[in-house]
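Inspection log for the structure reproduced underneath, given as C-alpha coordinates.
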Amino acid sequence: MEKHSRKEDWIAIFTGTLIVAQGVYFLQAADLLTGGTTGLALLMTHFVSASFGTLYFLANTPFYLLAWRRFGAKFAFNSALSGALVSIFADHLPLMYTVENVNPLYCGIVGGILMGVGMLILFRHRSSLGGFNVLCLAIQDKWGISVGKTQMAIDVTILLASFLFITPSVIAISVVGAITLNMVLAMNHKPQRYSVSYPR
(Lines give C-alpha, C1' and ligand atoms only; values in the text may rest on other atoms or scores of the structure.)
Protein backbone atom coordinates (compact mmCIF):
# COMPACT_ATOMS: atom_id res chain seq x y z
CA MET A 1 0.00 0.00 0.00
CA GLU A 2 1.32 3.47 -0.80
CA LYS A 3 2.10 5.65 2.19
CA HIS A 4 -0.47 8.15 3.38
CA SER A 5 -0.02 11.81 2.58
CA ARG A 6 1.14 14.13 5.36
CA LYS A 7 -2.31 15.73 5.43
CA GLU A 8 -3.96 12.34 5.90
CA ASP A 9 -1.54 11.52 8.73
CA TRP A 10 -2.27 14.79 10.57
CA ILE A 11 -6.03 14.34 10.26
CA ALA A 12 -5.74 10.73 11.43
CA ILE A 13 -3.63 11.68 14.45
CA PHE A 14 -6.16 14.32 15.48
CA THR A 15 -9.10 11.94 14.94
CA GLY A 16 -7.48 8.94 16.61
CA THR A 17 -6.35 10.81 19.71
CA LEU A 18 -9.75 12.46 20.16
CA ILE A 19 -11.47 9.06 19.96
CA VAL A 20 -9.02 7.57 22.48
CA ALA A 21 -9.61 10.49 24.84
CA GLN A 22 -13.37 9.90 24.59
CA GLY A 23 -12.79 6.29 25.61
CA VAL A 24 -10.65 7.36 28.56
CA TYR A 25 -13.37 9.78 29.62
CA PHE A 26 -15.92 6.96 29.77
CA LEU A 27 -13.57 4.96 31.99
CA GLN A 28 -12.99 7.96 34.26
CA ALA A 29 -16.74 8.60 34.53
CA ALA A 30 -17.22 5.14 36.03
CA ASP A 31 -13.95 5.13 38.04
CA LEU A 32 -12.67 2.22 35.96
CA LEU A 33 -9.14 1.25 35.01
CA THR A 34 -7.54 -0.32 31.97
CA GLY A 35 -4.14 -1.72 31.09
CA GLY A 36 -0.96 -0.11 29.84
CA THR A 37 0.23 3.35 30.76
CA THR A 38 -3.37 4.58 30.53
CA GLY A 39 -4.31 2.24 33.38
CA LEU A 40 -1.27 3.25 35.40
CA ALA A 41 -2.15 6.93 35.00
CA LEU A 42 -5.80 6.33 35.92
CA LEU A 43 -4.69 4.38 39.00
CA MET A 44 -2.26 7.11 40.05
CA THR A 45 -5.00 9.77 39.95
CA HIS A 46 -6.40 8.10 43.09
CA PHE A 47 -3.19 8.81 45.01
CA VAL A 48 -1.74 12.09 43.66
CA SER A 49 -3.23 15.47 42.83
CA ALA A 50 -1.85 15.65 39.28
CA SER A 51 -4.31 15.32 36.39
CA PHE A 52 -4.66 12.21 34.28
CA GLY A 53 -3.16 13.98 31.27
CA THR A 54 -0.02 14.96 33.15
CA LEU A 55 0.51 11.50 34.61
CA TYR A 56 -0.24 9.84 31.29
CA PHE A 57 2.29 11.87 29.33
CA LEU A 58 4.99 11.37 31.97
CA ALA A 59 4.40 7.60 32.01
CA ASN A 60 4.76 7.42 28.24
CA THR A 61 7.84 9.61 27.90
CA PRO A 62 10.52 6.87 28.32
CA PHE A 63 8.94 4.83 25.53
CA TYR A 64 9.41 7.54 22.90
CA LEU A 65 13.14 6.72 22.88
CA LEU A 66 12.28 3.11 22.11
CA ALA A 67 9.99 4.34 19.33
CA TRP A 68 12.81 6.42 17.86
CA ARG A 69 15.36 3.59 18.03
CA ARG A 70 13.05 0.88 16.69
CA PHE A 71 10.86 2.72 14.17
CA GLY A 72 12.64 5.99 13.39
CA ALA A 73 12.30 9.69 14.16
CA LYS A 74 9.03 10.21 12.27
CA PHE A 75 7.23 7.49 14.22
CA ALA A 76 8.66 8.74 17.53
CA PHE A 77 7.58 12.32 16.81
CA ASN A 78 4.08 11.22 15.76
CA SER A 79 3.78 9.10 18.90
CA ALA A 80 4.91 11.91 21.20
CA LEU A 81 2.44 14.25 19.51
CA SER A 82 -0.35 11.67 19.84
CA GLY A 83 0.41 11.14 23.52
CA ALA A 84 0.37 14.89 24.14
CA LEU A 85 -2.96 15.31 22.32
CA VAL A 86 -4.62 12.50 24.29
CA SER A 87 -3.37 14.12 27.50
CA ILE A 88 -4.79 17.51 26.50
CA PHE A 89 -8.10 16.17 25.19
CA ALA A 90 -8.70 13.90 28.19
CA ASP A 91 -8.11 16.72 30.67
CA HIS A 92 -10.38 19.16 28.82
CA LEU A 93 -13.30 17.00 27.67
CA PRO A 94 -15.18 17.69 30.95
CA LEU A 95 -15.36 21.32 29.81
CA MET A 96 -17.33 20.17 26.74
CA TYR A 97 -19.80 17.81 28.41
CA THR A 98 -20.31 15.68 31.51
CA VAL A 99 -21.45 12.08 31.92
CA GLU A 100 -23.82 11.36 34.80
CA ASN A 101 -25.85 8.33 35.94
CA VAL A 102 -23.37 6.02 34.25
CA ASN A 103 -23.58 2.26 33.97
CA PRO A 104 -20.06 1.01 34.74
CA LEU A 105 -20.31 -2.04 32.46
CA TYR A 106 -21.47 0.10 29.55
CA CYS A 107 -18.67 2.60 30.19
CA GLY A 108 -16.12 -0.21 30.32
CA ILE A 109 -17.22 -1.75 27.02
CA VAL A 110 -17.73 1.51 25.12
CA GLY A 111 -14.54 2.98 26.55
CA GLY A 112 -12.62 -0.10 25.41
CA ILE A 113 -14.13 0.03 21.92
CA LEU A 114 -13.38 3.74 21.48
CA MET A 115 -9.80 3.38 22.68
CA GLY A 116 -9.24 0.39 20.41
CA VAL A 117 -10.63 2.17 17.34
CA GLY A 118 -8.55 5.26 18.09
CA MET A 119 -5.38 3.18 18.43
CA LEU A 120 -6.09 1.43 15.13
CA ILE A 121 -6.31 4.78 13.37
CA LEU A 122 -2.98 5.83 14.86
CA PHE A 123 -1.24 2.53 14.07
CA ARG A 124 -2.31 2.77 10.45
CA HIS A 125 -0.87 6.25 10.13
CA ARG A 126 2.56 5.50 11.51
CA SER A 127 1.90 6.56 15.06
CA SER A 128 1.03 5.14 18.48
CA LEU A 129 0.30 6.36 21.98
CA GLY A 130 3.76 5.54 23.23
CA GLY A 131 4.01 3.34 26.29
CA PHE A 132 3.39 -0.35 25.85
CA ASN A 133 1.87 0.30 22.40
CA VAL A 134 5.41 0.86 21.13
CA LEU A 135 6.68 -2.30 22.80
CA CYS A 136 3.82 -4.33 21.32
CA LEU A 137 4.41 -2.91 17.84
CA ALA A 138 8.12 -3.75 18.16
CA ILE A 139 7.23 -7.33 19.11
CA GLN A 140 4.86 -7.60 16.17
CA ASP A 141 7.45 -6.12 13.82
CA LYS A 142 10.16 -8.54 14.96
CA TRP A 143 8.27 -11.76 15.70
CA GLY A 144 4.90 -11.31 13.96
CA ILE A 145 2.85 -11.63 17.16
CA SER A 146 -0.38 -9.62 16.98
CA VAL A 147 -0.42 -6.30 18.84
CA GLY A 148 -3.75 -7.27 20.42
CA LYS A 149 -2.35 -10.45 21.96
CA THR A 150 0.70 -8.89 23.56
CA GLN A 151 -1.25 -5.82 24.67
CA MET A 152 -3.86 -8.04 26.29
CA ALA A 153 -1.22 -9.97 28.24
CA ILE A 154 0.28 -6.73 29.59
CA ASP A 155 -3.12 -5.22 30.37
CA VAL A 156 -4.37 -8.24 32.28
CA THR A 157 -1.16 -8.29 34.33
CA ILE A 158 -1.57 -4.62 35.30
CA LEU A 159 -5.24 -5.07 36.17
CA LEU A 160 -4.53 -8.11 38.31
CA ALA A 161 -1.88 -6.13 40.20
CA SER A 162 -4.52 -3.43 40.84
CA PHE A 163 -6.39 -5.85 43.14
CA LEU A 164 -4.22 -4.44 45.93
CA PHE A 165 -5.84 -1.01 45.59
CA ILE A 166 -9.23 -1.33 43.84
CA THR A 167 -12.38 -3.28 44.71
CA PRO A 168 -12.96 -6.62 42.92
CA SER A 169 -16.12 -5.36 41.18
CA VAL A 170 -14.29 -2.40 39.65
CA ILE A 171 -11.44 -4.68 38.58
CA ALA A 172 -13.86 -7.16 37.00
CA ILE A 173 -15.57 -4.50 34.90
CA SER A 174 -12.20 -2.95 34.04
CA VAL A 175 -11.01 -6.35 32.78
CA VAL A 176 -14.09 -6.55 30.52
CA GLY A 177 -13.20 -3.14 29.09
CA ALA A 178 -9.55 -4.10 28.57
CA ILE A 179 -10.52 -7.33 26.84
CA THR A 180 -12.91 -5.41 24.59
CA LEU A 181 -10.16 -2.95 23.67
CA ASN A 182 -7.70 -5.70 22.83
CA MET A 183 -10.24 -7.73 20.87
CA VAL A 184 -10.69 -4.69 18.63
CA LEU A 185 -6.92 -4.57 18.12
CA ALA A 186 -6.46 -8.32 17.72
CA MET A 187 -9.19 -8.63 15.07
CA ASN A 188 -8.24 -5.55 13.08
CA HIS A 189 -4.48 -5.08 13.38
CA LYS A 190 -2.73 -8.23 12.19
CA PRO A 191 0.72 -8.45 10.60
CA GLN A 192 0.71 -8.15 6.80
CA ARG A 193 -3.02 -7.37 6.61
CA TYR A 194 -2.50 -3.64 6.40
CA SER A 195 0.99 -2.49 5.55
CA VAL A 196 2.16 1.02 4.72
CA SER A 197 5.77 1.66 3.79
CA TYR A 198 7.50 4.71 5.25
CA PRO A 199 11.16 5.69 5.10
CA ARG A 200 12.75 5.94 8.54
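The values are calculated or read from the model by the stated rules, or taken from the named source; none is laboratory data. These figures come from a predicted structure and were not determined experimentally. Cβ sites come from the backbone with ideal geometry, for glycine too, and all protein chains shown count toward neighbours.
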#### Entry: Single residue of the range 1-24 satisfying the filter (modelled with pLDDT of 95 or more and either touching a His at 6+ places or on another chain (Cβ under 7 Å) or crowded, with 23+ Cβ neighbours inside 10 Å (or both)) that is farthest from Val170 (Cα to Cα)
Ala12
### Query
Residue check, Asp155 against (1) charged (D, E, K, R); (2) more than 12 Å from the chain's Cα centre (by Cα); (3) under 28 Å from Phe47 (Cα atoms), all met but one. Which one?
(2)
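Every residue, every condition in (1) more than 19 Å from Asp9 (Cβ to Cβ); (2) surrounded by fewer than 22 Cβ atoms within 10 Å (Cβ to Cβ), yes or no:
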site: Gly118; (1), (2): no, no
site: Ile121; (1), (2): no, yes
site: Arg124; (1), (2): no, yes
site: Ser127; (1), (2): no, no
site: Gly131; (1), (2): yes, no
site: Leu135; (1), (2): yes, yes
site: Gln140; (1), (2): yes, yes
site: Ser146; (1), (2): yes, yes
site: Ala153; (1), (2): yes, yes
## Note on the structure
For the range 1-30, pairs from a residue that is more than 25 Å from His92 (Cβ to Cβ) to a residue that is among the polar types (S, T, N, Q) and at pLDDT below 95, with Cβ under 8 Å and 6 or more apart or across chains, are Met1/Ser195; Met1/Ser197; Glu2/Ser197; Lys3/Ser197
### Query
Since Gly39 meets every condition but one in (1) among the small types (Gly, Ala, Ser); (2) farther than 18 Å from Gly130 by Cβ; (3) in contact with a helix residue (DSSP H, G or I) (Cβ under 9 Å, 6 or more places away or on another chain), which condition does it not meet?
(2)
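Within the bounds of the range 139-158, is there any residue that is charged (D, E, K, R), touching a Gly at 6+ places or on another chain (Cβ under 7 Å) and either at pLDDT below 85 or part of a helix (DSSP H, G or I) (or both)? Reasoning before the result, please.
Taking the range 139-158 as the starting set, the residues that turn out to be charged (D, E, K, R) are 141-142, 149, 155.
Then keep just the ones that are touching a Gly at 6+ places or on another chain (Cβ under 7 Å); that gives 155.
Now drop any that are not either at pLDDT below 85 or part of a helix (DSSP H, G or I) (or both), which leaves 155.
Checking the range 139-158: at least one residue is charged (D, E, K, R), touching a Gly at 6+ places or on another chain (Cβ under 7 Å) and either at pLDDT below 85 or part of a helix (DSSP H, G or I) (or both).
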#### Entry: Filter pass, Thr38 being in contact with an Asp or Glu (Cβ under 7 Å, 6 or more places away or on another chain) and either surrounded by 20 or more Cβ atoms within 10 Å (Cβ to Cβ) or at pLDDT 90 or above (or both)
no
